[in-house]
Amino acid sequence: MRILQQHLDFIEYEPIGKEIKSAEEIPDKGKRRFEELVALFVSVEPGDDEEVARMAVDGTKAFLQKLKVNRVIIYPYAHLSQQLARPKEALDVLLAMERLSREAGLETYRAPFGWNKAFQIKVKGHPLAEQSRVYSKTAQARPESNPVPSRAPQHEMTEEQLMARIKKSDFATLPETDHRVIGERLDLFSFQEPSPGMVYWHDKGLRLRNLLIEFMRGQLAKDGYIEVSTPGLVSNVLWRVSGHWDYYQKNMFLTEMGDEVFGLKPMNCPPTMLFYRTRRWSFRELPLRVACFDPLYRNELSGVASGLFRVKSFSQDDAHIFAAEEQVEGEVRKLIDLLDRTFKVFGLEYKLNLSTMPDEHMGTREFWARAEGTLATVMEERGLPYKVKDKDGAFYGPKIDVDLKDSMGREWQNSTIQLDYQLPQRFRLTYTGSDGKDHTPVVIHRAILGSLERFIGVMTEHYQGRFPVWLSPVQVRVLPVSDESEPYAERVARELAEAGIRVETDRASGTIGGKIRDAQLQKVPYMLVIGSKEEEAGSVAVRARDGEVRYGVRLADFVGEVREKVRSYS
């Protein structure tokens, strides 16, 4: 049995239609909404029975006790496993879970089995909010894969069996508005079975990702950030010092080197602390703003069922600011400014939340009260409304969480600003103050876009693939009307590329109407139609994505138009 357990602000679902003939009958097919509870997304596998159901309920109860929560919903979710039990066996196990959960004193709900359901959730932001578990008769709760890989030889497969496992994920049943469908049609990315929960970036998708990174680098340059990169594989000694070992070990990819255990880094903060320790810093050099875009790895139940929204390998526009106590408020104000100017570019509205001290935390209440007060003061002084999310802070400090609203009215939590008095003490970080003595800095953890993968998923659905000109992987497609027009078309494309415009030429045989339709399906902002008239006049015919057509446009004027779009982020 595979379970993704999430502490939610709410879950809302509506049964749409039966997915299998043996789906259970339900009296009410309307929307259901539950708030302040833990959701168990469950895939039942062959061999699971009441004993396994009891293990899962015992593990869930322990998890809920940590969160001080007593409400749970059991949600059938076949996407977590490729080896599923037969429908009747699966339903029997889910019913057993429901009964055992109620017998354990939990307020229990269950979503209907065998139905396609439209659903929406909002996951809380604290470190324990999302945990993945695997239960079986041979093991109690464990991560999705063993912490240290087994050295036992794998079962030999035939070449046909091996090739059968090397395939692309199929999104044929998803709605047209889903980012996985749009991403596949625009040739941005794919998901492949040999790398579950990880993204294969195609050239256009990687271009889009790099554009976001360069956009953020430009924003950070205005505020004097430096950028570093640290190793992806780090000894567990570092994670023990930081305290992450107690909180994230089960969600780390681990391996052995000699007698020592190493882990792929799930976050950048501990290695960045080591960067700070490489030299002595003066109060004159603070605040020190350190950005990092390194890949991160978290071993959670993930996969194509969530696309870019839940992946095992991702990068953040991450940064850590080392500041003196008296500089903290000013730095938080700067970060609010950075949030505001960033999301205005993307046309996103946002709301702020103050997440406070969780039950399991490091540090004294005094430090927590001071940090929470600082964050609240900045938001109140700026006249920014915010909601308090009680006990949703990180284990090392409170934070401002940011909910983004997209073009479809949905909310996404990606951004965060966290105050941390604990890690600087655990790593014994110091700077030389104006009094010549050693002082401990405060660290502000912050991500604006958050996970780049998730942000691209949000943006793909927000724009429905019609990315603004500055962000479009291909800004212009040149369409020669005939073979005779190709030399001039190539010259036009070359001049556009030399001007820094992302351009491609459609050299395929076929009618110009077919080429235009294909470019429109690819959501290319501009199409330049090149025929004998354009070549004779030394001009281009410009067809915009919205259908507007202009003839006899000078190429230099068109280049200036595109550059202005890029300059103004439009």
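The values are calculated or read from the model by the stated rules, or taken from the named source; none is laboratory data. For clarity, every value in this text was computed on a predicted model and none was experimentally measured. Positions of Cβ are backbone-derived with ideal geometry, glycine not excepted, and every protein chain shown enters the neighbour counts.
Tabulated data for the structure shown
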{"read-out": "Scan of the range 523-548 for residues that are buried (at least 19 other Cβ atoms within 10 Å of the Cβ) and touching a residue at least 24 places away in the same chain (Cβ under 8 Å), ordered by number", "value": "Val524, Pro525, Tyr526, Met527, Leu528, Val529, Ile530, Glu534, Glu535, Val540, Arg543"}
{"read-out": "Qualifying positions in the range 95-118 - buried (at least 16 other Cβ atoms within 10 Å of the Cβ) and part of a strand (DSSP E or B)", "value": "Thr108, Tyr109, Arg110, Trp115, Lys117"}
{"read-out": "Filter result for the condition that a residue is touching a Pro at 6+ places or on another chain (Cβ under 9 Å), under 23 Å from Ile11 (Cα atoms) and not β-branched (Val, Ile, Thr), over Leu67, Leu37", "value": "Leu67"}
{"read-out": "Any hit, the range 425-433, residues being more than 19 Å from Gly450 (Cα to Cα), in contact with a strand residue (DSSP E or B) (Cβ under 9 Å, 6 or more places away or on another chain), in a strand (DSSP E or B) and not aliphatic (A, V, I, L, M)", "value": "yes"}
{"read-out": "Considering residues of the range 405-422 that are closer than 20 Å to Asp317 by Cβ and among the aliphatic types (A, V, I, L, M) only, the residue surrounded by the most Cβ atoms within 10 Å (Cβ to Cβ)", "value": "Leu419"}
{"read-out": "Hits in the range 345-390 (condition: over 28 Å from the mean Cα position of the chain (by Cα) and part of a loop (DSSP other than H, G, I, E, B))", "value": "Gly363, Thr364, Arg382, Gly383"}
{"read-out": "Given (1) at pLDDT 90 or above; (2) aliphatic (A, V, I, L, M); (3) in contact with an Asp or Glu (Cβ under 9 Å, 6 or more places away or on another chain), index of the condition Val402 fails", "value": "(3)"}
{"read-out": "Strands (runs of 3 or more DSSP E) contained in the range 1-93 and holding at least 2 residues more than 28 Å from the chain's Cα centre (by Cα)", "value": "2-18"}
{"read-out": "Odd one out for Arg543, checked against (1) in contact with a Cys (Cβ under 8 Å, 6 or more places away or on another chain); (2) not assigned by TED's automatic domain parsing to the domain that holds Gly393", "value": "(1)"}
{"read-out": "Tabulated pairs, the range 432-456, first over 25 Å from Met198 (Cα atoms), second assigned to a loop (DSSP other than H, G, I, E, B) and among the small types (Gly, Ala, Ser), C-beta under 9 angstrom, 6+ apart or interchain", "value": "Gly433/Ala324; His439/Ala324; His439/Gly433; Pro441/Ala324; Val442/Ala324"}
{"read-out": "Whichever residue in the range 348-371 is loosely packed, with under 15 Cβ neighbours inside 10 Å and in contact (Cβ under 8 Å) with a residue 24 or more places away in the chain and, among such residues, is farthest from Pro441 (Cα to Cα)", "value": "Glu349"}
{"read-out": "Any strands (runs of 3 or more DSSP E) falling wholly within the range 226-331 and containing at least 1 residues that are touching a residue at least 40 places away in the same chain (Cβ under 8 Å)", "value": "254-257, 260-264, 288-292, 295-297, 313-323"}
{"read-out": "For Leu449: the one exception among (1) surrounded by 17 or more Cβ atoms within 10 Å (Cβ to Cβ); (2) part of a loop (DSSP other than H, G, I, E, B); (3) assigned by TED's automatic domain parsing to the domain that holds Asp318", "value": "(2)"}
{"read-out": "Residues within the range 528-570 that are in a loop (DSSP other than H, G, I, E, B) and over 35 Å from the mean Cα position of the chain (by Cα), tallied", "value": "3"}
